[in-house]
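Inspection log for the structure reproduced underneath, given as structure tokens.
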Amino acid sequence: MTSPQDWPLYEVFVRAKRGLDHKHVGSLHAADAAMAIEHARDLYTRRQEGVSLWVVKSSDIVASDPDDAQALFDPAEDKIYRHPTFYDIPKDVETL
Amino acid sequence: MYTQGLLEAIPKAVSALEDSERMARFQARIDAEEKIEPKDWMPDAYRQTLIRQISQHAHSEIVGMLPEGNWISRAPSLLRKSILIAKVQDEGGHGAYLYSAAETLGIARSELIDQLLSGRAKYSSIFNYPTPSWADIAAIGWLVDGAAIMNQIPLCRCSYGPYARAMVRVCKEESFHQRQGYHAMLSLARGTPAQQRMAQDALNRWWWPALMMFGPPDTASQHTAVSVRWKIKRFTNDELRQKFVDFTVPQAQFLGLTLPDAQLQQAADGHYQIGPLDWSEFNAVLKGNGPCNAERIAERRAAHADGAWVRAAAIAHAAKRAARAVA
């Protein structure tokens with residue numbers, strides 16, 4: 001149902017304050033990226049929610065497939081030795 | 001509430017057992033309070049129910065701008081005007097968050113807008129009532145937004161991730177809407193006798209429609225079971241309505257106003273019991289025969305048509321900017 005006259009979809013990311021990552025907050029339609037920033041300002045930062053905005057065309061995002069989640073993420077499940085809590089260290093040893 | 005049209009469209013539900021294994025995994029995820037995300041497999045009935053519910057909610061926000069927008073140019077002070085503009089802008093924003101959430105389910109924005117403008121889509125019956133006085137704006141904030149919050153807070157825990165996240169954002173903003181309404185109502189209730197009469201008149205007209213926003217009584221609501229199992233809905237209509245009544249009666253008493261219900265009384269358990277609701281009125285408004293149904297849709301159509309040149313100009317501007325960037 002999308003016609004050429006429909007504005008494309010952009011995903012919006014907001015940095016809440018300096019020192020924090022940009023975080024995905026939602027999406028909006030805009031004719032181009034510059035206008036997407038203007039719309040994002042009106043839609044997602046009406047109450048000082050951010051100090052910086054990113055927009056990216058939704059169609060440019062490549063995402064992993066949920067059906068691949070097992071193959072992708074489960075192999076890490078049994079590698080508990082990757083976590084510091086795996087190792088029992090005698091309590092006489094300090095600052096480790 | 002904002003999705004009353006669902007009353008007519010009960011999903012064929014679990015007949016969509018496309019894949020019983022996937023179905024079991026889907027339900028297990030919901031039972032474990034995990035969210036369903038856009039790219040996850042989901043039964044078609046879940047997808048269709050959510051598209052209808054989220055889009056009806058979005059349409060309600062968009063149409064909801066009209067009764068209040070009516071008073072922006074006539075607000076009684078510059079501060080009240082600023083507040084009202086901010087509130088109406090929020091409603092537009094809520095509509096935009098929700099349309100975006102609906103789009104993650106695979107429906108285009110243009111199709112959603114088309115459903116609203118063609119009259120095929122439903123929106124909350126409450127926005128088909130007129131706002132003849134300033135006190136109506138106060139009453140809408142206090143009662144209509146108050147009822148909306150009651151319904152929307154559980155939706156923040158809805159099983160569908162994008163809807164739940166949009167509702168968190170909406171609820172944060174909605175509290176301002178209710179408080180500014182009560183504040184405006186308080187000013188009138190403590191004002192001149194004429195202002196007090198205005199406040200009472202608005203309460204008389206909005207009380208019953210606000211209670212009907214929660215939808216038909218549980219005994220007549222057919223789609224609750226599936227929606228509860230899928231954690232789209234967490235409380236029944238009557239539970240939410242009762243909670244709203246219990247919160248609101250003392251607020252009305254504080255204003256010194258009288259709720260237009262001769263049968264209203266507090267039961268021994270502390271809950272307030274209301275008199276019977278006139279569901280024939282609710283059904284008439286929902287079917288398109290409310291005081292302002294035709295006017296609201298006509299206004300939305302006009303706004304969409306009047307904005308056509310802006311949408312086209314933005315596309316032309318984007319094309320020009322892109323061409324210059326290449327040159």
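In summary, A:GLU77 fulfils each of the numbered conditions (1) touching a strand residue (DSSP E or B) at 6+ places or on another chain (Cβ under 6 Å); (2) closer than 25 Å to B:ILE36 by Cα with the single exception of condition (1). Please verify whether B:ILE126 is within 12 Å of the chain's Cα centre (by Cα) and surrounded by fewer than 23 Cβ atoms within 10 Å (Cβ to Cβ), treating the condition exactly as stated. Answer is no for this residue.
Of all residues assigned to the stretch B:86-103, none qualifies as being charged (D, E, K, R), in a loop (DSSP other than H, G, I, E, B), closer than 21 Å to B:ALA166 by Cβ and within 14 Å of chain A (Cβ to nearest Cβ).
Any chance the stretch B:105-125 includes a residue that's under 20 Å from B:ALA202 (Cβ atoms), modelled with pLDDT under 95 and either part of a helix (DSSP H, G or I) or touching a strand residue (DSSP E or B) at 6+ places or on another chain (Cβ under 7 Å) (or both)? Yes - at least one qualifying residue is present in the stretch B:105-125. Filter the stretch B:219-232 down to the residues that are outside any loop (DSSP other than H, G, I, E, B) and not charged (D, E, K, R), then identify the one that is surrounded by the fewest Cβ atoms within 10 Å (Cβ to Cβ). For the stretch B:219-232, the residue satisfying everything is B:THR219. Looking at the structure I just gave you, is A:ALA34 on the phi < 0 side of the Ramachandran plot and modelled with pLDDT of 95 or more? When the stated conditions are applied, A:ALA34 passes them. Screening B:ALA121, B:ALA32 for residues that are over 22 Å from A:SER27 (Cβ atoms) and of a type in the set (Gly, Ala, Ser) leaves exactly one candidate, B:ALA32.
When the residues of the stretch B:163-191 are filtered to those that are within 13 Å of another protein chain (Cβ to nearest Cβ) and among the hydroxyl-bearing types (Ser, Thr, Tyr), the one that is surrounded by the fewest Cβ atoms within 10 Å (Cβ to Cβ) is B:SER175. Filter the stretch B:197-218 down to the residues that are more than 15 Å from B:ASP136 (Cβ to Cβ) and surrounded by fewer than 18 Cβ atoms within 10 Å (Cβ to Cβ), then identify the one that is modelled with the highest pLDDT. By that ranking, first place goes to B:PRO217. Scanning the stretch A:20-35 for residues that are more than 10 Å from chain B (Cβ to nearest Cβ) and in contact with a strand residue (DSSP E or B) (Cβ under 8 Å, 6 or more places away or on another chain), which turns out farthest from B:ILE107 (Cα to Cα)? Among them, the one singled out is A:ASP21. Taking (1) within 29 Å of B:ASP44 (Cα to Cα); (2) within 10 Å of chain A (Cβ to nearest Cβ) in turn, B:GLY106 satisfies each apart from (2).
Taking the criterion of being within 14 Å of another protein chain (Cβ to nearest Cβ) and either under 16 Å from the mean Cα position of the chain (by Cα) or loosely packed, with under 10 Cβ neighbours inside 10 Å (or both), the only residue of the stretch A:67-96 that qualifies is A:ASP68. Scanning the stretch B:224-234 for residues that are of a type outside the set (Gly, Ala, Ser) and more than 16 Å from the chain's Cα centre (by Cα) turns up B:THR224, B:VAL226, B:VAL228, B:ARG229, B:TRP230, B:LYS231, B:ARG234. Kindly indicate the residue of the stretch B:281-312 that is within 14 Å of chain A (Cβ to nearest Cβ) and surrounded by 12 or more Cβ atoms within 10 Å (Cβ to Cβ) and also nearest to A:ALA36 (Cα to Cα) among those meeting that condition. Per the stated criteria, the residue is B:ARG311.
The residue that is surrounded by the most Cβ atoms within 10 Å (Cβ to Cβ), among those in the stretch A:36-66 that are among the polar types (S, T, N, Q) and away from chain B (no Cβ under 11 Å), is A:SER52.
Looking across the stretch A:19-69, the residues that are farther than 23 Å from B:LEU98 by Cβ, of a type in the set (D, E, K, R) and touching a Phe, Trp or Tyr at 6+ places or on another chain (Cβ under 9 Å) come down to A:ASP21, A:ASP32, A:ASP67. Only one of the numbered conditions (1) at pLDDT 95 or above; (2) out of contact with any Lys or Arg (no Cβ under 7 Å at 6 or more places or on another chain); (3) buried (at least 16 other Cβ atoms within 10 Å of the Cβ); (4) under 14 Å from B:SER159 (Cα atoms) is violated by B:PRO43, and that is (1).
Exactly one residue out of B:PHE235, B:PHE254 is at pLDDT 90 or above, surrounded by 14 or more Cβ atoms within 10 Å (Cβ to Cβ) and not aliphatic (A, V, I, L, M), and it is B:PHE235. If I filter the stretch B:59-69 for residues that are buried (at least 20 other Cβ atoms within 10 Å of the Cβ), out of contact with any Leu (no Cβ under 9 Å at 6 or more places or on another chain) and within 14 Å of chain A (Cβ to nearest Cβ), do I get at least one hit? No, the stretch B:59-69 contains no residue that is buried (at least 20 other Cβ atoms within 10 Å of the Cβ), out of contact with any Leu (no Cβ under 9 Å at 6 or more places or on another chain) and within 14 Å of chain A (Cβ to nearest Cβ).
Of all residues being among the charged types (D, E, K, R) and under 12 Å from the mean Cα position of the chain (by Cα) in the stretch A:1-19, which is farthest from the other protein chains (Cβ to nearest Cβ)? Just the residue, please. Per the criteria, the residue is A:ARG15.
Against the conditions (1) modelled with pLDDT under 95; (2) farther than 19 Å from B:SER227 by Cα; (3) of a type outside the set (A, V, I, L, M), B:ARG25 satisfies every one except (2).
The values are calculated or read from the model by the stated rules, or taken from the named source; none is laboratory data. Note that the structure is a prediction, hence the values are computed from the model and not measured. Reconstructed Cβ throughout: ideal geometry from the backbone, glycine too, with neighbour counts over all protein chains shown.
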